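Remarks on the structure that follows.
The values are calculated or read from the model by the stated rules, or taken from the named source; none is laboratory data. What you see is a predicted model; the values in this text were computed from it and never measured. Please note: Cβ atoms are built from the backbone with ideal geometry, for glycine as well, and neighbour counts cover all protein chains shown. Side chains are part of the model used for accessible areas, which takes the heavy atoms of the whole protein and leaves out ligands, DNA and RNA. Shrake-Rupley method; radii C 1.70, N 1.55, O 1.52, S 1.80 Å.
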Amino acid sequence: MTRIVYVNGAFVPEAEAMVSVFDRGFLMADGVYEVTSVLGGKLIDFAGHAARLSRSLSELEMANPHTDAEWLALHRELVAQNAVVDGMVYLQVTRGNPGDRDFAYPNPPVPPTVVMFTQSKPGLAENPAAKTGWRVISTPDLRWGRRDIKTVQLLYPSMAKMAAKAAHVDDCWFVEEGVVTEGTSNNAYVVKGNKIITRQLSHDILHGITRAAVLRFAAEAQMEVEERPFTLAEAQGADEAFITSASAFVMPVVEVDGKAVGTGKPGAVVARLREIYLDEMRKSAI
Ligand code: PMP
């Protein structure tokens, strides 16, 4: 089946989709994106992703080309056209094609480029890695200073992912001033007893949509939540550790820089959080 993608108002076979070489997303990484999971053909936490998209665009002084209702209709149409059961919808909005290369934003603005596509991942929620957990290594956080804006400048996270692959582990955790910021494409947590510790929101990390939901569910389940930075040593000495993202959901981390976390096996707190998250999100999927 040929994948149907969405480009600037049209649903077309992927081979026919075109974006200009002068697009500022291509030349300047001047664009933002969102990834929304699909389970059972329905969108997970769509409202959260739509809200963050609006915020990312506004931080970059770009107009939002669609209302949330229009975005929802586009997501649903793409899921339907590609018969996605489990997987993701990727969307990207760039500052568009000014017809030439220039550092300055086009003035007046030109129409943004809007691209969307699906990725089918059958059994996304049954990822066997959730039973074994991820092993991570650390690397200095050399990204820019506005990580709260979900831009498409993902070269450094890609380099870190390659470093993880080279080390035969699952991911990298970024470290800045001696404390963990986040993973290459996820938020990072440690668990001590009944307490979940994760870095507070700021410009230093992406404001994960999964993070917000998981912290809400944790509080509802009478777990204590402490939002503050933690060190690698603290993670290595914790009872459990985990990451969250829209596509990995809640994933245990069992090793940090070669040292086992807790028993070295996924623990009960993370397993419970994953279960609650998936249950609640399936219930509210639209
Ligand atoms: N941090 C970074 C750097 C990310 O790229 C992502 C995933 N896009 C996250 C955290 C997790 O965010 P979310 O839960 O919204 O997927």
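Phi angles across region 226-240 convert, under the Karplus curve 6.51 cos²θ - 1.76 cosθ + 1.60 with θ = phi - 60°, into 3J(HN,Hα) values of 10, 9, 6, x, 9, 8, 5, 4, 5, 5, 5, x, 7, 6, 8 Hz, Gly and Pro given as x. With Cα atoms defining each centre, region 246-261 and region 132-189 are spaced 12 Å apart in the structure. Leaving ligands, DNA and RNA out of it, report the carbon-plus-sulfur percent of the accessible area of the chain at a 1.4 Å probe. Whole-percent figure for carbon plus sulfur exposure: 56. Placing a pseudo-label 7 Å from each Cα along the Cα-to-Cβ vector at ARG55 and SER138 gives an inter-label distance of 2.7 nm. Each of ASN107 and VAL21 was given a label point 7 Å from its Cα along the Cα-to-Cβ line. The distance between the two points is 2.8 nm. Take the Cα of ALA29, step 7 Å toward its Cβ, do the same at ILE286, and the gap between the two points is 3.2 nm.
In sequence order, region 256-269 has phi-based couplings of 10, 6, x, 9, 5, 9, x, 7, x, 10, x, x, 5, 5 Hz under the Karplus curve 6.51 cos²θ - 1.76 cosθ + 1.60, θ = phi - 60°, and Gly or Pro positions carry x.
If I take R0 = 41 Å and measure r between the Cβ atoms of THR67 and HIS168 in this structure, what FRET efficiency does the formula 1/(1 + (r/R0)^6) give, to the nearest 0.05? The partial results should precede the final answer.
On the way: r = 46 Å, r/R0 = 1.11.
About 0.35, to the nearest 0.05.
What stretch of the chain, leaving out the sites themselves, is the longest with no GluC sites (Glu not before Pro) in a DSSP loop having at most 10 other Cβ atoms within 10 Å? Mind showing how you got there, number by number?
On the way: sites that count: GLU61, GLU177.
For GluC sites (Glu not before Pro) (loop position, at most 10 other Cβ atoms within 10 Å), the longest site-free span of the chain is 62-176.
Normalised by the number of residues in the chain, the mean separation of alpha-carbon contacts (under 8 Å, six or more apart) gives a relative contact order of 19 percent. Accessible surface area normalised per residue over the chain is 46 Å², counting heavy atoms of protein chains with a 1.4 Å rolling probe.
Close amide H contacts of GLY262 (hydrogens built in the peptide plane, cut-off under 5 Å, sequence separation of 5 or more or a different chain): ALA238.
Could you tell me what percent of the DSSP beta bridges with both partners in the chain are antiparallel, to the nearest 5? Walk me through the intermediate numbers first.
Details: 44 of 56 bridges.
Of the beta bridges lying entirely in the chain, close to 80 percent run antiparallel.
In order along region 73-80, phi translates into HN-Hα couplings of 5, 5, 4, 5, 4, 5, 4, 5 Hz, rounded to whole numbers, per the Karplus curve 6.51 cos²θ - 1.76 cosθ + 1.60 with θ = phi - 60° and x for Gly and Pro. If you average the alpha carbon positions of region 1-49 and of region 264-286, how far apart do those two centres end up, in angstrom? If we compute the Cα centre of each part, the gap is 28 Å.
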